[in-house]
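The values are calculated or read from the model by the stated rules, or taken from the named source; none is laboratory data. Everything quoted here is computed from the prediction, not taken from an experiment. Cβ placement follows ideal geometry from the backbone for every residue including glycine, while neighbour counts extend to all protein chains displayed. Side chains are part of the model used for accessible areas, which takes the heavy atoms of the whole protein and leaves out ligands, DNA and RNA. Shrake-Rupley method; radii C 1.70, N 1.55, O 1.52, S 1.80 Å.
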Amino acid sequence: TNRSALLEEVRSSKSRKFELRDIIDHCDEFCRDQHGSRFIQSKLENASMQDKQMVFEALVPTALSLMTDLFGNYVVQKFMERGTIEHRRSLATCMLGRVMELSLDMYGCRVVQKAIEVVEKDQQELLVKELQGNVMKCVRDQNGNHVIQKCIERTHPEAVQFIVDDFMGQVLLLATHPYGCRVIQRILEHCKHKQVSPILQEIIHCTAELVHDQYGNYVVQHVLEHGQPQDRMAILQHVKGQIVGMSQHKFASNVVEKLLQFSDVETRQVMLVEMTGEHMGSPSVLVMMRDAYGNYVVQKALDVCQGAQRDHLINAIKEHMPAVRKFTYGKHIIAHIEKLEAGQNPRPLTGGGHRPQPVMDPSGGAMPPINNAGGYGLGPGLGMPGVMGPNDFVPPGGMGGFVGGMQGMNGPGLPGLSPLNPIMMPPGQG
């Protein structure tokens, strides 16, 4: 790399203290260099308004190309965070007419997300509108899907109606897509009831297919955790009679656990009837307890059921205690019951009780909380603050950001995705 003498000096100097004014004539070069970018960002944190303005005027002519640069994009984002309203407006103006192009770029998509977070509402709406007609292209893109999610999170629900419209009639296809399933979850969280309702109805209608899909199961879990009682009951009606079979499936078993956890007493009773009945000529509870996934459903039922329901389940298990003791997971379930009966809270099982790891949550983590307590569409419908993306965001892979975490869902993150980097510092390279 042909670096200027000044950049080389800044990179290697340990004695001389450089300031922003010293590098103005080399601003573009510094922005595109790892150490130079880091230098500018660190200085912007506490720079005077005069120095900020001086650097800004130097980078504006090449701002658009810096947005898609490996290190330059961080400087642009830093100005959006630390600059003035005028700086933000100027940068957003540079983006007009190029939002789609930037959204599909690995680095540009981060700048678009940051802009949607920080610019004034009038410019925010202009940026978002440029995606109209290209929603599906963005949703299926490893970079663009993050921009669509940010639009849903941070703009007014009416401003993203065009996104919801494009999803109607395609929910099954998109809910089983590694990126589409994320966007559906954001729609359910942030849009109003009249917007969510058609999407929700499609999800419920496709429940049987979604619960067995490596991505679709998370969408159904999201509805169960954050939806209204009637949504849970509607899903139960679609899986009724299949509880034992689903409990033995790698992905569907997680849906059964969520249904047990968040349902009311009446819904649990319907499920317990199946769990304590017969399945293909054998006691259902035995079939589930000997299964690598089903035994976790039994544990969840023991934890969430109360009173007579729990007693009924425990009695059903005790009827087959000699057989239970021979199962791989039998000793754990027996210990679980003994602690419950002693009035203790059983700890999560270890050793032989580890749940086999399903595919990671495509949204980058567990289902996120919504802004209201009453279910979909009852809150203000405004976006939540925070960063998105599988490397910064939604439990699998230790990706942080979402509250809680799916049980047993740790796993590697999806490769090649471009989250918004909140730190704004290029990664260190030797």
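For segment 89-132: of the residues being outside any helix (DSSP H, G or I) and out of contact with any helix residue (DSSP H, G or I) (no Cβ under 8 Å at 6 or more places or on another chain), which is farthest from Arg32 (Cα to Cα)? For segment 89-132, the residue satisfying everything is Gly97. Evaluation of Gly169 against the conditions (1) within 21 Å of Leu210 (Cα to Cα); (2) more than 20 Å from the chain's Cα centre (by Cα); (3) not in a loop (DSSP other than H, G, I, E, B); (4) not aromatic (Phe, Trp, Tyr) shows that the sole unmet condition is (3).
Residue by residue, here is whether (1) in contact with a helix residue (DSSP H, G or I) (Cβ under 9 Å, 6 or more places away or on another chain); (2) open to solvent by 30 Å² or more (accessible area, probe 1.4 Å); (3) closer than 23 Å to Val287 by Cβ holds:
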{"residue": "Gly216", "(1), (2), (3)": "yes, no, no"}
{"residue": "Val223", "(1), (2), (3)": "yes, no, no"}
{"residue": "Leu236", "(1), (2), (3)": "yes, no, yes"}
{"residue": "Gly241", "(1), (2), (3)": "yes, yes, yes"}
{"residue": "Val244", "(1), (2), (3)": "yes, no, yes"}
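Just to be sure, is Ser15 modelled with pLDDT of 95 or more and surrounded by fewer than 18 Cβ atoms within 10 Å (Cβ to Cβ)? Outline the logic, then answer.
Working: modelled with pLDDT of 95 or more: no; surrounded by fewer than 18 Cβ atoms within 10 Å (Cβ to Cβ): yes.
Spelling it out, it is not the case that Ser15 is modelled with pLDDT of 95 or more and surrounded by fewer than 18 Cβ atoms within 10 Å (Cβ to Cβ).
Among the candidates Glu29, Glu8, the residue that is of a type outside the set (A, V, I, L, M), modelled with pLDDT under 95 and surrounded by fewer than 19 Cβ atoms within 10 Å (Cβ to Cβ) is uniquely Glu8.
Checked against (1) under 20 Å from Lys300 (Cβ atoms); (2) of a type in the set (S, T, N, Q); (3) touching a strand residue (DSSP E or B) at 6+ places or on another chain (Cβ under 8 Å), Ser197 meets all criteria but (1). For segment 253-275, the set of residues classified as outside any helix (DSSP H, G or I) and either open to solvent by less than 40 Å² (accessible area, probe 1.4 Å) or of a type in the set (Lys, Arg) (or both) consists of Ser263 only. On the stretch given as segment 105-129, residues that are under 24 Å from the mean Cα position of the chain (by Cα) and within 19 Å of Glu153 (Cβ to Cβ) total 17.
For segment 82-137, the set of residues classified as open to solvent by less than 70 Å² (accessible area, probe 1.4 Å) and acidic (Asp, Glu) consists of Asp105, Glu117, Glu125, Glu130, listed by residue number.
Once segment 276-319 is narrowed to residues that are buried (at least 20 other Cβ atoms within 10 Å of the Cβ) and of a type in the set (S, T, N, Q), the residue that is nearest to Lys240 (Cα to Cα) is Ser284. Of the listed requirements (1) open to solvent by 70 Å² or more (accessible area, probe 1.4 Å); (2) modelled with pLDDT under 85; (3) part of a helix (DSSP H, G or I), Gly352 misses just one: (1).
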